[in-house]
1. Do we find a residue being assigned by TED's automatic domain parsing to the domain that holds residue 180, assigned to a helix (DSSP H, G or I) and touching a helix residue (DSSP H, G or I) at 6+ places or on another chain (Cβ under 6 Å) anywhere in the stretch 330-347?
2. Does residue 379 meet the test of being in contact with a helix residue (DSSP H, G or I) (Cβ under 8 Å, 6 or more places away or on another chain), at pLDDT 75 or above and farther than 19 Å from residue 328 by Cβ?
3. What are the residue pairs meeting all of these: first residue in the stretch 444-458, first residue touching a residue at least 40 places away in the same chain (Cβ under 8 Å), second residue surrounded by 10 or more Cβ atoms within 10 Å (Cβ to Cβ) and assigned to a helix (DSSP H, G or I), Cβ atoms under 9 Å, and 6 or more apart or on different chains?
4. In the stretch 144-193, how many residues are out of contact with any helix residue (DSSP H, G or I) (no Cβ under 6 Å at 6 or more places or on another chain), in contact (Cβ under 8 Å) with a residue 40 or more places away in the chain and either within 28 Å of residue 367 (Cα to Cα) or part of a loop (DSSP other than H, G, I, E, B) (or both)?
5. For residue 108, only one of the following conditions fails: (1) modelled with pLDDT under 90; (2) assigned to a helix (DSSP H, G or I); (3) surrounded by 15 or more Cβ atoms within 10 Å (Cβ to Cβ). What is its number?
6. Could you please let me know if residue 237 is under 18 Å from residue 282 (Cα atoms) and in contact with a helix residue (DSSP H, G or I) (Cβ under 6 Å, 6 or more places away or on another chain)?
7. With the structure loaded, tell me whether residue 126 is modelled with pLDDT of 90 or more, at positive phi and touching a strand residue (DSSP E or B) at 6+ places or on another chain (Cβ under 8 Å) or whether it fails that test.
8. Restricted to the stretch 392-415, and to residues that are under 17 Å from residue 65 (Cβ atoms) and surrounded by 13 or more Cβ atoms within 10 Å (Cβ to Cβ), which residue is modelled with the highest pLDDT?
């Protein structure tokens, strides 16, 4: 069949286009389901159809250093095949309008669907599936619209150069796949975002939390949902002790006031005092500061205190995952726009944010599949090297014939398995220092590099000192 121009190529192939590199993860079915659920199929006849535009937005995360139009050229090259048509027949204005028609809700549906399908279900922590929750801030272009929507960090040393979007994510620890996320303004509360993510958890799960999520109401909400928690507390936390279970291990009582519904014709609302027992574990690693953990796993026999303390270090996996997404997936190698996202409007930023999450999950899904095929733990595969393998394989797979594509896909999985880390991050200890003195952390100096550290062997339970 001969095509006279690029618009006919788009009309013929744009509706069924899907990145072949993710064929094993059924991305095509998920994309079409998201378009159905959000009613985002274009109502009028249009050359730039919704699946094609969505594929372009996903590819924008894989090729962050390229402009939007150059990313779109990669997509067009995959569907034009050997046809003699020019890649510049689609204008940047047409692409901008097509992204606007698509919106961000289909990308939200795709990201969540990929996360819920790709997260593992193996109970690896005392018979529970481990999850971690944490937040991240990312720079967005400095426009009045983005400034109004997201805001920016203000400080005595000067205001931040760019507005920032804040995200709170819920991640499956064993695969680094995010099942859900909440995006909002820079000054939005991470605690409020955490509450919005609790509907993804149930009896099978345990969630690890950092010190910034210290909020009694959040603890009660997590336990009321049937989920278990392991939460690091501030060193200044003063508990009300109930009984001692062992060295560095005891039960404490936590209270909160609950406001009761106001009855018609009555005066002020009444409150009720709600109490609940939690477990407090205190431990120390080497000469470091002591750490306090709060958990609702109360049985010291079924859940030994030392094993809970060792297991809590899995929470650091979400720090690694956020770094992979922010620093490596969304990094800019050159150019003038040194921000994580490109869009000049809030709607475009939300679209890119969800696309980034979906793309990260797809990449992590390929790593998990490769690890399963070649019997390698997926967390021992380099994320950075995997990105390069995928970027190299993408054009080859898109232009391959079906039978050849299967062979090339298997070769790509083998190449990903070969990206095994020769210097694993675990176990490792790193000082809390920064390279540029623009925060409260100490300045990094020679000798402050991270080192391998046997935190399991050095960990010991310690008795709490009374103040």
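1. Pass one, the stretch 330-347, residues assigned by TED's automatic domain parsing to the domain that holds residue 180: none.
There is no residue in the stretch 330-347 that is assigned by TED's automatic domain parsing to the domain that holds residue 180, assigned to a helix (DSSP H, G or I) and touching a helix residue (DSSP H, G or I) at 6+ places or on another chain (Cβ under 6 Å).
2. Working: in contact with a helix residue (DSSP H, G or I) (Cβ under 8 Å, 6 or more places away or on another chain): yes; at pLDDT 75 or above: yes; farther than 19 Å from residue 328 by Cβ: no.
Criteria not met by residue 379.
3. As it stands, the answer is 455/310; 455/313; 456/310; 456/313, since those pairs meet every condition given.
4. Qualifying residue count for the region: 6.
5. It fails just one condition, (1).
6. On the way: under 18 Å from residue 282 (Cα atoms): yes; in contact with a helix residue (DSSP H, G or I) (Cβ under 6 Å, 6 or more places away or on another chain): no.
When the stated conditions are applied, residue 237 does not pass them.
7. Working: modelled with pLDDT of 90 or more: yes; at positive phi: yes; touching a strand residue (DSSP E or B) at 6+ places or on another chain (Cβ under 8 Å): yes.
Considered against the rule, which asks whether it is modelled with pLDDT of 90 or more, at positive phi and touching a strand residue (DSSP E or B) at 6+ places or on another chain (Cβ under 8 Å), residue 126 comes out as yes.
8. Looking only at the stretch 392-415, we keep the residues that are under 17 Å from residue 65 (Cβ atoms), and these are 392, 394-395.
Okay, now just the ones that are also surrounded by 13 or more Cβ atoms within 10 Å (Cβ to Cβ), so 394-395.
Details: 394: 84, 395: 81.
Only one residue fits best here, namely 394.
The values are calculated or read from the model by the stated rules, or taken from the named source; none is laboratory data. Please read these numbers as outputs of a predicted model, since none were measured by experiment. All Cβ positions, even for glycine, are placed from backbone atoms using ideal geometry, and neighbour counts span all protein chains on display.
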